[in-house]
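Visitor: Before anything else, here's the structure in question.
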Amino acid sequence: LLINPAAGSRSLLRVVDGAGNQPGFAVDLNVTNFDQAFKDATTTYAIVEFFAHWCPACRNYKPQYEKVARLFNGANAAHPGIIFMTRVDCADTINTKLCDKFSVTHYPSLYWGPPSKFVGGGWDGKDEKSEIRFIDDGRTADRLLKWINSQLGSSYKLEDEKHENGHVTHSNVSDPGQIAQALYDVEEATIIAFDMILENKMVKPESRGTLIKFMQLMVSHHPSRRCRRGTADILVNFDDLYLSKKHGLLDKFGICGKEAPRGYWTFCRGSTNDTRGFSCGLWVLLHSISVRVEDGESQMAFTTTCDFIHQFFNCEECSEHFYNMCSRVSTPFSSKREYVLWLWTAHNEVNKRLKNTEESLKTSDPKFPKTIWPTKRLCPTCYNNHNQNEESSSIDWNHDEVFKFLSSYYGNQLVSLYKEKDEEQIQIKNNAVSEQVLQSTNALVVPAGAALAIAAASCLFGALAWFWRSRQKNRKPRRS
Ligand SMILES: Cc1cc2nc3c(=O)[nH]c(=O)nc-3n(C[C@H](O)[C@H](O)[C@H](O)COP(=O)(O)OP(=O)(O)OC[C@H]3O[C@@H](n4cnc5c(N)ncnc54)[C@H](O)[C@@H]3O)c2cc1C
């Protein structure tokens, strides 16, 4: 029996069950590995199917369950990082006590909950507050997926396929719908960026302000709701966490909360593990912030991003080259359009440079060669001259169309797909954050961080943008 302890990771192993059946997508667990598997799971939710191998209905149910597990488990999952799908054979005597703990009375029985709640957990059907729930309508694949969709507010379909990087030669010229998958990558890139900053102890007195400003930008304009909220939580506690050197506490907070998936790349997955990933996710983060800022914030977003990349992106060549491009800007940006188009042009300058380097050194990802972007196929109207070769050194761009395209691609196509936490939890968090604000006396944190965090926790992001801007205008000079 095989089980990958990093249950949610990309390399989830297929399992051969005791009866020598074909490997499946659902992961077979037993009492010896049950707790560990859920401790290690990086998904937001888990499902456990309790079955008995002698039960004919369970044998018939297995292909149904597998159809759903295919969507969420394994290297080819269409929706990785969301649900860890498992099964336990209650007819195996070593599992008797485990099945008793979940009050399993008939087979198959399905349970749903956050992975951590299954660790040492159980279910007796009486505790209404239990986060583990009995799935009362999952008898076919269709019905189980419908039940899942009703929980998550999602619209997954049994036919969904992984955004397959390899199915066309030039994947980055293909399906515009793929960008919807990028939200998880943006979250992961955010987590990695902040992990690196902490691990490498990159926050110095001279770079602290840049980090705070970038986090403020994220609180208002990160496309992921849980990253906005996680960042707000950290900002509120920023002084405690950094000045008191309690860096370990940051793990407790999590820049994108604790539920954001780790170990997956979907939109940014390269054809090998050492291409794409983080740097692609970082670009998508920067673009998605750029299309969300207000006109009046564009210059601040530009300088903050330039400083952040310069001080915290620890690819030296990348950060220096990017900063050079920043330094060439002589007139302050007065509109979001200008900033969005500048970032797009800067990215294309990097693409152009890397295209030559990668071609000569043969280091490109064969399935993702660098191109001037967007290609004609992705945005035909971005090109004034439809006959012009995309490789041409001076493409006649229709900048209005490019701006429209970028605003949609990185804006409303890139949004949080998961369901909001329940209202009660938000309220608790909201109260906790408000408490912090009342107690805080730090001039920097209160206006810039805590106030944002309250709004973030309340999900009032429209109000937040207005509130923040008015604060920015009225902000008193910092205490030295
Ligand atoms: C700020 C920054 C500077 C970098 N500088 C360097 C460097 O100097 N040297 C180096 O070797 N690597 C550099 N990198 C890494 C490099 O740019 C790529 O991220 C990496 O090679 C992975 O490429 P990719 O194929 O995933 O596409 P990426 O270039 O990472 O792009 C990610 C996605 O963004 C979209 N995209 C592509 N071009 C544009 C555009 N012009 N505007 C908007 N969206 C676009 C595409 O959908 C693409 O798949 C830098 C990364 C960043 C974030």
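Visitor: Heavy atoms only, probe 1.4 Å: what % of the accessible area of region 275-344 goes to carbon and sulfur, would you let me know?
Guide: Using a 1.4 Å probe with all protein chains present, region 275-344 comes out at 48 percent carbon and sulfur.
Visitor: Where Lys and Arg each count +1 and Asp and Glu each count -1, what net charge lies around Phe308 among other residues with Cβ under 13 Å from its Cβ?
Guide: +1
Visitor: Going through the cross-link list Lys201/Lys258; Lys39/Lys146; Lys129/Lys258; Lys336/Lys370; Lys258/Lys404, which pairs have a Cα-Cα distance over 24 Å in this structure?
Guide: Lys39/Lys146; Lys336/Lys370; Lys258/Lys404
Visitor: Straight distance only, please: which aspartates and glutamates reach the Cα of Lys204 with their own Cα at less than 18 Å, same-chain residues fewer than 8 apart left out?
Guide: Cross-link targets: Asp195, Asp239, Asp240, Asp307, Glu316.
Visitor: Whole number in Å², please: accessible area per residue of region 278-358, 1.4 Å probe, ligands, DNA and RNA not counted.
Guide: 41 Å²
Visitor: Okay, next question. Which of the peptides 360-367, 145-152 is most tightly packed, and how do the rest follow, judged by the mean count of other Cβ atoms within 10 Å per residue? Don't skip to the answer; put the middle values down first.
Guide: Values: 360-367: 12.6, 145-152: 16.5.
So the order, starting with the most tightly packed, is 145-152, 360-367.
Visitor: What's the extension gain from Thr303 to Glu349 if we count 0.36 nm per residue and subtract their Cα-Cα distance?
Guide: Working: separation 46, 0.36 × 46 = 16.56 nm, distance 1.86 nm.
Gain in length upon complete extension: 14.7 nm.
Visitor: Points 7 angstrom from Cα along the Cβ direction at Asn60 and Lys129: gap in nanometres?
Guide: 4.1 nm
Visitor: Okay, next question. Where Rh is the Kirkwood radius over the Cα pairs of region 22-87, the temperature 10 °C and the viscosity 1.306 mPa s, what D in µm²/s does Stokes-Einstein return? Numbers along the way, then the final one.
Guide: Working: Rh = 12.3 Å.
Approximately 129 µm²/s, per Stokes-Einstein.
Visitor: How large a share of the accessible area of region 58-123, in percent, is made up of carbon and sulfur atoms when the probe is 1.4 Å and the other protein chains stay in place? Could you put the intermediate results ahead of the total?
Guide: Numbers: 1250 of 2390 Å².
The C+S portion of the solvent-accessible surface of region 58-123 is 52 percent.
Visitor: How about region 180-241: which trypsin sites (Lys or Arg not before Pro) there lie in a loop by DSSP and see at most 16 other Cβ atoms within 10 Å?
Guide: The qualifying sites are Lys201.
Visitor: Based on the alpha carbon coordinates of region 253-372, what radius of gyration and maximum Cα-Cα distance (Dmax) apply, in Å?
Guide: Using the Cα atoms of region 253-372, the pair Rg, Dmax is 15.5, 44 Å.
The values are calculated or read from the model by the stated rules, or taken from the named source; none is laboratory data. Since the model is a prediction, treat every value here as computed from it, not as a measurement. Cβ coordinates were reconstructed from backbone atoms using ideal geometry, including for glycine residues, and neighbour counts include every protein chain displayed. For the accessible areas, the whole protein counts, side chains as well, though only heavy atoms, and no ligand, DNA or RNA atoms are used. Shrake-Rupley method; radii C 1.70, N 1.55, O 1.52, S 1.80 Å.
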